[in-house]
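Student: What follows is a single structure, and I will ask about it in a moment.
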Amino acid sequence: MPELFGHTRAHVAARHALITPHNHVHSVVPGITGAATVILINPAMGARFAQLLVTFQAGGQASFPAGPGQVFGYLQSGAATVKIGGQQVKAATGWYFYAPAGTPCSLSEVAPDTRVTLFQKNYLPLPGVPAPAPIIADAAKVPGTPFLGDPAANLQTLLPDLPAFDLAVNIFAYQPGGHLPYTEIHVMEHGLLMLGGQGVYRLEDSWYPVEQGDVIWMGSYCPQWFVAMGKQPASYLYYKDVNRAAL
Ligand code: UGY
Ligand code: MN
């Protein structure tokens, strides 16, 4: 789709935003060097978390000191050494990592053109429940399940479904024509990256064509629905806040 004369598929609204790769503007983020970083979602938008895209050049690296924030990363391309506390693993395309609050985390020995999507969220502890441990794993090894019994919508849950976690990150893969079964309206927020394919996303009262590389913020109570279109399956990676009290 041409994006000439100021036209864009992107839109920023009260409870949702769509940002396409044509809209990216880089930010300098402390701790990230030798990389082009885009802060796609953060509290300035109305969100309670941050979503970043980091595209590394040769020799680039990132380090996140121990603090109140948790860091989840997904390698869209390339490879890097991921260090979380005392653990160190060489991660490749399709791998992901989770660094709990209070644990330093770094990416080094990064292959050129490594692209990483990061979700950052300040941790809300649950009294009496120990905080989660670090995770470095390959998403391809995580089994999927048909969402609400529909084999055309396959859901992989990348983090353990345990009360200690106040965030979830999942991968949804849809066959062409596969769709969310109904329009969801819920308190949880989402940050979403289209990994592949295309489709139409309903956000609040608008319907948007979306494709690989697009990023969506869905705020609390944003009505949401998706259908995959075209000849290829569509998939997206998404964040949600979970497991904490209503008040
Ligand atoms: O987990 C979810 O809320 C998911 N079904 N939402 C979405 O894909 N927009
Ligand atoms: Mn949802």
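The values are calculated or read from the model by the stated rules, or taken from the named source; none is laboratory data. Everything numeric here is computed off the predicted structure, so don't read it as measured data. Note: ideal-geometry Cβ built from the backbone for every residue, glycine included; neighbour counts use all protein chains shown. Areas reflect the complete protein model, heavy atoms only, side chains present, ligands, DNA and RNA absent. Shrake-Rupley method; radii C 1.70, N 1.55, O 1.52, S 1.80 Å.
Student: Which strands (runs of 3 or more DSSP E) does segment 204-247 wholly contain that include 2 or more residues that are out of contact with any His (no Cβ under 6 Å at 6 or more places or on another chain), within 11 Å of ligand 1 (Cβ to nearest atom) and under 25 Å from G94 (Cβ atoms)?
Tutor: Strands (runs of 3 or more DSSP E) meeting the threshold: 234-241.
Student: Mind checking which strands (runs of 3 or more DSSP E) fall wholly inside segment 130-169 and carry at least 1 residues that are assigned by TED's automatic domain parsing to the domain that holds G69 and under 18 Å from L118 (Cα atoms)?
Tutor: Strands (runs of 3 or more DSSP E) meeting the threshold: 135-138.
Student: Among the residues that make up segment 61-68, is at least one of them in contact with a strand residue (DSSP E or B) (Cβ under 7 Å, 6 or more places away or on another chain) and over 16 Å from I32 (Cα atoms)?
Tutor: Yes - at least one qualifying residue is present in segment 61-68.
Student: To continue, here is another question. Scan M218, M188 and give me the residue that is of a type in the set (A, V, I, L, M, F, W, C), within 16 Å of the chain's Cα centre (by Cα), within 15 Å of ligand 2 (Cβ to nearest atom) and open to solvent by 10 Å² or more (accessible area, probe 1.4 Å).
Tutor: Within the list M218, M188, the selection yields M188.
Student: Test of understanding: among A35, A47, A111, A101, which residue is aliphatic (A, V, I, L, M), open to solvent by less than 50 Å² (accessible area, probe 1.4 Å) and assigned to a strand (DSSP E or B)?
Tutor: The unique qualifying residue is A35.
Student: Here is a further query. If we scan segment 170-184, do we find a residue that is in a loop (DSSP other than H, G, I, E, B), among the charged types (D, E, K, R) and within 12 Å of ligand 1 (Cβ to nearest atom)?
Tutor: No, segment 170-184 contains no residue that is in a loop (DSSP other than H, G, I, E, B), among the charged types (D, E, K, R) and within 12 Å of ligand 1 (Cβ to nearest atom).
Student: Going through A62, A17 one at a time, which residue ends up being touching a Phe, Trp or Tyr at 6+ places or on another chain (Cβ under 7 Å), in a strand (DSSP E or B), in contact (Cβ under 8 Å) with a residue 24 or more places away in the chain and surrounded by 14 or more Cβ atoms within 10 Å (Cβ to Cβ)?
Tutor: A17
Student: Can you find, within segment 135-158, the residue that is most open to solvent (accessible area, probe 1.4 Å) among those that are under 19 Å from F49 (Cβ atoms) and within 16 Å of ligand 2 (Cβ to nearest atom)?
Tutor: Filtering first and then ranking leaves T157.
Student: With respect to the numbered conditions (1) within 23 Å of A62 (Cα to Cα); (2) buried (at least 16 other Cβ atoms within 10 Å of the Cβ), which one is the sole condition not fulfilled by S27?
Tutor: Of everything listed in (1) within 23 Å of A62 (Cα to Cα); (2) buried (at least 16 other Cβ atoms within 10 Å of the Cβ), S27 misses just condition (2).
Student: Within segment 165-180, can you find the residues that are out of contact with any Ser or Thr (no Cβ under 9 Å at 6 or more places or on another chain), open to solvent by 10 Å² or more (accessible area, probe 1.4 Å) and small (G, A, S)?
Tutor: If the condition is that a residue be out of contact with any Ser or Thr (no Cβ under 9 Å at 6 or more places or on another chain), open to solvent by 10 Å² or more (accessible area, probe 1.4 Å) and small (G, A, S), then G177 is the only one that fits.
Student: Of all residues in segment 231-245, count the ones that are closer than 14 Å to Y201 by Cβ, more than 14 Å from ligand 2 (Cβ to nearest atom) and open to solvent by 10 Å² or more (accessible area, probe 1.4 Å).
Tutor: Final tally of qualifying residues: 1.
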